[in-house]
Amino acid sequence: MRLDPYVTRSVPKRFRAGMRYFWWYGVFLSTAEAFVGSYITLFIFALGGTSLQVGTLASLSSLFGMLLPIPGARWAAKWGRLRPVVLISFSLRQAMVLGAFLVPFITREPVAVLLVIGVFALRAAFLHLGNSPWTTFAGQIIPTKVRGRYFSSRKTVMALSSLIWVPLAGQLIGLFEGVLGYQIAFGISVAVAAVALALYGRIPEPETEDEAARGSKSQGLRELWHGLRSNKAFWRFTLISMFFNFAWQFASPYFGTYQVEVLGATSEVIGWLAMSSALMRMVGQQLWGRAVDRRGARWAFTLCMVFIPFLPFIWLPLNAPWQVVFVYIPSGFLWAGRAVANFNLQLELAGEERQTESIATYNTLLALANILGPLLGGWMVTAFSYQIVFVLSGIGRGVAAILFVLLLKPFDLTSRFDRRRRSALS
């Protein structure tokens, strides 16, 4: 049987070119990220930074990011097009990686640490500028009936790219003393990302404009807020997601510092560990993508959320860097499922009216939670211990998971019981 990695065989011809370009864009973008994402914490440490400064980076990223989703959505609305906003947003992200590459040539610690924190915070923030238009644009170029399979295929090959390049990037960085290895890795990332952006620029933009975005040109934030509040399901989903993100980010920035400061991990070890996570993402994306198409985004999303709260507790007994693999394996599998389902769930719950700006508001409120979580978590790490922070994060995630189950009702136990009872009576 002929392979169909782009999942275009059963879709109308007008979608096929865009789906192929979007698929390859993801491959090159994940390759570029492999040379940066896993090594930002180590780069800051190599420059003389501290774990508290790493937490500050997470909060600053969210603070800047909170300011940009709605302007990005309204910019797309004013422009009447989504793709240019995404291209500008992601180009600015890569410019920040280039800035991090240049910082060690310009100055030394402690100024270098502050500058690197600043450029990486802006890098994270620029993602939010284009994220809402990106989500809506992806929804336009990928038919609903194949989204689960398409994104599982795309994310699987992206995970394969990470599987190959993240450990190689770690080996490359380890060949050089000081920060030179990081600079070389960042330079490679910028070059590969340029190819990714060129591919994204070739995606045909649908002839029908984003009606939701276009219709919002004359409406302000008050009307947008009212529209979000009137969509009760999406509003509740947003509030629960805020609580979950707070609990998640309460500990998330400090898993990396825990590996380095407590467990003694090196760039090479972190690269190999990331490979195990990428391998499980490949497996997870295939399974969860099919589950989304067959059982629905609510079912897949909630099932992942039920098990994610257990992940922080796995860190507690670890005493060697290699043991982190016991976290990375289930983590890669579960977060892969959450990512595939969350995309579809946002589009489903937001509805078609004012979709881009509704998702932008969602991202803005989540960024607020992402600001507060690392700040409080960093204080708790300093005042108490990493272990306390991990436990509290797990408990908070668990509470959010219960709320998601109550809101989304993904397992439909009551209706199944009623159907069986009616069948027995008949």
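Most exposed first by the Cβ proxy, i.e. fewest other Cβ within 10 Å, how do PHE176, PHE45 rank?
If I rank by nearby Cβ atoms, fewest first, I get PHE176, PHE45.
Just going by the charge dipole of the range 1-156, with Lys and Arg at +1 and Asp and Glu at -1 on Cβ, which of PHE15, LEU63, THR135 is farthest out on the positive end?
Selected residue: PHE15.
Note the listed values [x] 22.2, 69; [y] 21.2, 69; [z] 21.5, 80, then indicate which one is Rg and Dmax of the Cα atoms in Å calculated from this particular structure.
[z]
Per-residue ellipticity at 222 nm for the chain, helices alone: DSSP H runs ≥ 4 residues times -39500 (n - 2.57), over residue total, nearest 500 deg cm²/dmol? Could the numbers behind the result be given before it?
Working: 18 runs with 340 residues, N = 426.
So the helix-based figure for the chain works out to -27000 deg cm²/dmol.
Going 7 Å from the Cα of ARG108 in the Cα-to-Cβ direction, what parts of the range 159-195 have a backbone nitrogen less than 19 Å from that spot?
177-183
Got a sec? How would GLU109, GLU261 order by Cβ neighbour count within 10 Å, fewest to most? Could you put the intermediate results ahead of the total?
Details: GLU109 13, GLU261 16.
Taking fewest neighbouring Cβ atoms as first place, the list is GLU109, GLU261.
With θ set to phi - 60°, apply the Karplus curve 6.51 cos²θ - 1.76 cosθ + 1.60 along the range 247-254 and write out the HN-Hα couplings as whole Hz, x wherever there is a Gly or Pro.
Once rounded to whole Hz, the list reads 5, 5, 6, 4, 10, 3, x, 9.
Sorting check: for 98-106, 233-241, which peptide has the highest mean count of neighbouring beta carbons within 10 Å, and how do the rest follow?
Top of the packing list down: 233-241, 98-106.
Quick check: net charge around ILE402, other residues with Cβ under 14 Å of its Cβ, Lys/Arg +1 and Asp/Glu -1?
+3
If you put +1 on each Lys and Arg Cβ and -1 on each Asp and Glu Cβ, how big is the dipole of the chain around its Cα centre, in Debye rounded to 20?
Roughly 1820 debye, rounded to the nearest 20.
Which order do TRP24, TRP75, TRP322 fall in if you start with the one that has the fewest other Cβ atoms within 10 Å?
Ascending number of Cβ neighbours within 10 Å: TRP322, TRP24, TRP75.
None of the figures in this text is laboratory data; all of them are computed from the coordinates on show. Predicted, not measured: the structure shown is a model, and the values here were computed from it. No Cβ is skipped: glycine too gets one built from the backbone with ideal geometry, and neighbour counts run over all protein chains shown.
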